[in-house]
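Enquirer: Before I ask anything, here is the structure I am working with.
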Amino acid sequence: MSNLATALDLVPDSSTTDTQPENLREFLSELTAAGFIDAGLSQSSAPIAKSGELIHELASKCLSSAFVTWSHRMTSEYIDRFGSPFLREQRLPQLLAGERIGSTALATALADRSGKELLPITFERVDGQYLINGVIPWASNLYSDTLVVFAAREPNTQERKLFATELSFAGISVKPAEGLLALNATASGTVKFEGLQLSEDYVLDVVVDEFFSRMRPRFLLLQSAFCLGLTSASLESAKSANGAGPFATELEDLQEQFDDLISRWEALLQKQEDFASLPATQDPLPYLELRLAAAVLAQAVSRVELASVGGRGYFVANPTSRRVRESLFLSVQAPTEGSLRWEISQLKSLA
Ligand SMILES: Cc1cc2nc3c(=O)[nH]c(=O)nc-3n(C[C@H](O)[C@H](O)[C@H](O)COP(=O)(O)OP(=O)(O)OC[C@H]3O[C@@H](n4cnc5c(N)ncnc54)[C@H](O)[C@@H]3O)c2cc1C
């Protein structure tokens, strides 16, 4: 693993990634080729905490860059752990070389599991192939050859399966999302499947329950990394602002909450260090609580940052304004704030 300063040097100008539909592909390719996303994968001796540290640092500079790194890194881990022999032998090396980008498109699967809505993507077996139809309302890193991981449902048996596909395949169309509040360079949009045909090579070799039980803690920890990275930048900016005086007590309290979340995050990263020794069924509650608390704190801190910085922070191009808008993304990125609150309350009522 190369050192973090090198990774930070690769981060593009955040005012561009905030507002313009440029894309972050080159950044992701360079970051990946330099060996930055391998930590915590099966062949790496570096622990997942290194990935956490990377995403945290990236987010302190640019949430867009941290978010697309999370998506590419998680997709690579799904293939590394559960890919078919074809995916592991042919596609994983491309992902790890930065030659192909990954996209995790599991929001609909998470909503389906929580009981909020039925998975809108279906599969049928036809002549030894899987025929896929439906829509992924939101996904990111959508480049022409991106490898997307998603879940689909057999409409008769209600069986769920996890698939990978390449966006260049026939039967797929992408509608880019434009004019977002922030994160405009994340190549986000809607993916539609109309008669997509996939062979067995593109089916992940894992049952859906085990996949989520094993992957969700890691997914949530690395999402918490970008929430906490954004918060650290906001806290520093707020504390050093000329107008910080009246907010001293509040900032002290927010700093304490931040320090507490960092301790919880580090302890959970430590717990995830030895993947092989972890049980197939894991309690998601501490990870869900951390992710919710980290998102809520980021928004609280960015509000105080704006109040401390004052009117100049209200210009769209000011980094304070960018962080306020970026922090609001944390409530709508799956698992959304609504689904986190709902699932945490369900788990607590069962305890
Ligand atoms: C820029 C951008 C990029 C994105 N990129 C990706 C990506 O790469 N991959 C990906 O998977 N997704 C991505 N998403 C999608 C995102 O993860 C969410 O799925 C999406 O924003 C959720 O929208 P929703 O309206 O369904 O919100 P939800 O919060 O799911 O639903 C809205 C309402 O339902 C309520 N609600 C939520 N859960 C429950 C429940 N269990 N029971 C009852 N009520 C509930 C909430 O309180 C809320 O009122 C992206 C979104 C954006 C904006």
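Enquirer: State all residues of the range 225-251 that are farther than 21 Å from His56 by Cα and assigned to a helix (DSSP H, G or I); if no residue qualifies, say none. Working first, answer last.
Expert: Let us first name the residues in the range 225-251 that are farther than 21 Å from His56 by Cα, namely 241-250.
Correct list: Asn242, Gly243, Ala244, Gly245, Pro246, Phe247, Ala248, Thr249, Glu250.
Enquirer: So Arg113 passes all but one of these: (1) in the same structural domain as Ser44 (by TED's automatic domain parsing); (2) basic (Lys, Arg); (3) under 20 Å from the mean Cα position of the chain (by Cα). Which condition number does it fail?
Expert: Against the list (1) in the same structural domain as Ser44 (by TED's automatic domain parsing); (2) basic (Lys, Arg); (3) under 20 Å from the mean Cα position of the chain (by Cα), Arg113 comes up short only on (1).
Enquirer: Go over the candidates Leu142, Leu180, Leu118 one by one and state the one that is at pLDDT 95 or above, out of contact with any helix residue (DSSP H, G or I) (no Cβ under 9 Å at 6 or more places or on another chain), assigned to a loop (DSSP other than H, G, I, E, B) and within 14 Å of the ligand (Cβ to nearest atom).
Expert: Step by step, each of Leu142, Leu180, Leu118 is checked, and only Leu142 is at pLDDT 95 or above, out of contact with any helix residue (DSSP H, G or I) (no Cβ under 9 Å at 6 or more places or on another chain), assigned to a loop (DSSP other than H, G, I, E, B) and within 14 Å of the ligand (Cβ to nearest atom).
Quick grid of which residues meet (1) of a type in the set (S, T, N, Q); (2) in contact with a Gly (Cβ under 9 Å, 6 or more places away or on another chain); (3) within 16 Å of the ligand (Cβ to nearest atom):
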residue: Phe67; (1), (2), (3): no, no, yes
residue: His72; (1), (2), (3): no, yes, yes
residue: Leu110; (1), (2), (3): no, no, yes
residue: Val149; (1), (2), (3): no, yes, yes
residue: Leu167; (1), (2), (3): no, no, yes
residue: Ala170; (1), (2), (3): no, yes, no
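Enquirer: Can you tell me how many residues within the range 297-312 are crowded, with 20+ Cβ neighbours inside 10 Å and either free of Cβ contacts under 8 Å to residues at least 24 places away in the same chain or near the ligand (Cβ under 10 Å from one of its atoms) (or both)?
Expert: Going through the range 297-312 one residue at a time, the tally reaches 1.
Enquirer: Let me ask another. Look through Lys161, Lys61 and report the one residue that is within 26 Å of Ala185 (Cα to Cα) and of a type outside the set (Gly, Ala, Ser).
Expert: Lys61
Enquirer: Here is a further query. Scan the range 316-340 for residues that are more than 7 Å from the ligand (Cβ to nearest atom) and either farther than 29 Å from Ser240 by Cβ or in contact (Cβ under 8 Å) with a residue 12 or more places away in the chain (or both) and report the count. Break it down stepwise before answering.
Expert: From the range 316-340, those more than 7 Å from the ligand (Cβ to nearest atom) are 316-328, 330-331, 335, 340; that's our starting set.
Narrowing further to those that are either farther than 29 Å from Ser240 by Cβ or in contact (Cβ under 8 Å) with a residue 12 or more places away in the chain (or both): 316-317, 319-328, 330-331, 335, 340.
The number of residues fulfilling the criteria is 16.
Enquirer: For the range 64-111, which positions are in contact with a Lys or Arg (Cβ under 8 Å, 6 or more places away or on another chain) and over 26 Å from Ala280 (Cα atoms)?
Expert: Gln94, Arg100, Ile101
Enquirer: Just to check your reading of the model, which residue among Ala105, Ala97 is under 25 Å from Ala182 (Cβ atoms) and among the aliphatic types (A, V, I, L, M)?
Expert: Exactly one of Ala105, Ala97 is under 25 Å from Ala182 (Cβ atoms) and among the aliphatic types (A, V, I, L, M), namely Ala105.
Enquirer: Still on this model: What is the number of the single condition among (1) among the polar types (S, T, N, Q); (2) more than 10 Å from the ligand (Cβ to nearest atom); (3) not assigned by TED's automatic domain parsing to the domain that holds Ala182 that Gln129 does not meet?
Expert: (3)
Enquirer: Spot the failing condition for Glu266; the list is (1) farther than 29 Å from Ser188 by Cβ; (2) within 16 Å of the ligand (Cβ to nearest atom), and only one is missed.
Expert: The single condition Glu266 does not satisfy is (2).
Enquirer: Right, something else. Could you grab me the full set of residues in the range 278-317 that are in contact with a Leu (Cβ under 7 Å, 6 or more places away or on another chain) and within 17 Å of Glu343 (Cα to Cα)?
Expert: Answer for the range 278-317, where residues must be in contact with a Leu (Cβ under 7 Å, 6 or more places away or on another chain) and within 17 Å of Glu343 (Cα to Cα): Leu285, Pro286, Tyr287, Leu288, Leu290, Arg291, Leu292, Ala293, Ala294, Ala295.
Enquirer: Does the range 87-108 hold any residues that are farther than 15 Å from Met74 by Cα and within 16 Å of the ligand (Cβ to nearest atom), and which are they?
Expert: Within the range 87-108, just Thr108 meets the criteria.
Enquirer: Does Ser71 satisfy the criteria of being part of a helix (DSSP H, G or I) and either of a type in the set (Asp, Glu) or in contact with a helix residue (DSSP H, G or I) (Cβ under 8 Å, 6 or more places away or on another chain) (or both)?
Expert: no
Enquirer: Could you check the range 55-77 and list, in sequence order, the residues that are within 13 Å of the chain's Cα centre (by Cα) and closer than 20 Å to Gln270 by Cα?
Expert: Answer for the range 55-77, where residues must be within 13 Å of the chain's Cα centre (by Cα) and closer than 20 Å to Gln270 by Cα: Ile55, His56, Trp70, Arg73, Met74, Glu77.
Enquirer: Sticking with this structure for a sec: At least 2 residues that are modelled with pLDDT of 95 or more and surrounded by fewer than 19 Cβ atoms within 10 Å (Cβ to Cβ) in each: list the helices (runs of 4 or more DSSP H) lying fully within the range 1-57 that qualify.
Expert: In the range 1-57, the matching helices (runs of 4 or more DSSP H) lie at 25-33.
Enquirer: Quickly run through the range 155-204 and pick out the residues that are buried (at least 17 other Cβ atoms within 10 Å of the Cβ) and hydroxyl-bearing (Ser, Thr, Tyr).
Expert: Thr165, Thr186, Ser188, Tyr202
Enquirer: If you don't mind, there's one more thing I want to ask. Return a yes/no flag: does the range 42-52 have any residue that is within 28 Å of Asn318 (Cα to Cα) and of a type outside the set (A, V, I, L, M, F, W, C). Give the derivation first.
Expert: Kept after step one, since they are within 28 Å of Asn318 (Cα to Cα), are these residues of the range 42-52: 52.
Subsequent filtering for residues that are of a type outside the set (A, V, I, L, M, F, W, C) retains 52.
There is at least one residue in the range 42-52 that is within 28 Å of Asn318 (Cα to Cα) and of a type outside the set (A, V, I, L, M, F, W, C).
The values are calculated or read from the model by the stated rules, or taken from the named source; none is laboratory data. Nothing here was measured: the structure is a model prediction, and the numbers come from that model. Note that each Cβ is placed from the backbone with ideal geometry, even for glycine, and that neighbours are counted across all protein chains shown.
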